[in-house]
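The structure appears below as structure tokens.
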Amino acid sequence: ELWRNRPSSFFIVCIYVNLTLYGAFSKEAQKTRTVYVGMGGVITALKVQQKNKDRVNVYVDGRFAFGLAAIEAVRLRVSQTLSDQEINALVGRDEVEKAHESVLHLLDRRPRSVDEVRRYLRGKKIDAVVADEVIERLSSVGLLDDRAFARYWLENRNDFRPRGQRAYFARAHEALLA
């Protein structure tokens, strides 16, 4: 009954999903995902965001509905009709795109191992399915490669903190497993 006074075009249901990480529940493992219900309608405007020109605001039936990466918004046009399922699919793809951009910024600084990226995404409370998709996408184009990272790490370590061969292999093994 509380929901009857809300406009149907902006009826949002939040679903709380507990993610299991390594077989244990924790507060960090709780993830909130917004599912859009009753928001389907006609796109009335697509506006580039003022602060982030790589994102677009989507207006449905004259009201702001959600924001999208410009690469996802290219497929949309004014007067196009969207169902709830289509909106949820767009928002889901946008989550992947935002996580992908975030990891690209992380990789700008230096190469990373797959596990480092996974921990980074987990720290940002990115869903495990989205994280797997981002990691697969980056691995397929060669931006994420554990062997290349290990070579880079050993060369860098040798140049800046020389040690014996045995210490290198022990530390490299630790770095890849950490």
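The values are calculated or read from the model by the stated rules, or taken from the named source; none is laboratory data. Remember, predicted model here, so these are calculated numbers, not experimental data. Don't worry about glycine lacking a Cβ; one is built from the backbone with ideal geometry, like all the others, and counts go over all protein chains shown. With ligands, DNA and RNA removed, areas are computed over all heavy atoms of the protein, side chains included. Shrake-Rupley method; radii C 1.70, N 1.55, O 1.52, S 1.80 Å.
A few notes on this one:
- Restricting the range 130-145 to residues that are in contact with a helix residue (DSSP H, G or I) (Cβ under 9 Å, 6 or more places away or on another chain) and outside any helix (DSSP H, G or I) leaves a set whose member that is farthest from Asp94 (Cα to Cα) is Asp145.
- Output for the range 52-83, where each listed residue is part of a helix (DSSP H, G or I) and open to solvent by less than 40 Å² (accessible area, probe 1.4 Å): Ala70, Glu72, Ala73
- Test: residue in the range 88-101 that is assigned to a loop (DSSP other than H, G, I, E, B), open to solvent by 50 Å² or more (accessible area, probe 1.4 Å), modelled with pLDDT of 85 or more and basic (Lys, Arg): no
- Here is the figure for the range 111-144: residues that are open to solvent by 70 Å² or more (accessible area, probe 1.4 Å) and without any contact (Cβ under 8 Å) to a residue 24 or more places away in the chain total 7.
- Count of the range 59-84 residues, restricted to those that are closer than 30 Å to Val117 by Cα, without any contact (Cβ under 8 Å) to a residue 24 or more places away in the chain and of a type outside the set (D, E, K, R), is 2.
- Any hit, the range 24-37, residues being at pLDDT below 90, farther than 16 Å from Leu90 by Cα and hydroxyl-bearing (Ser, Thr, Tyr): yes
- Residue in the range 40-52 that is modelled with pLDDT of 90 or more and of a type in the set (D, E, K, R) present: yes
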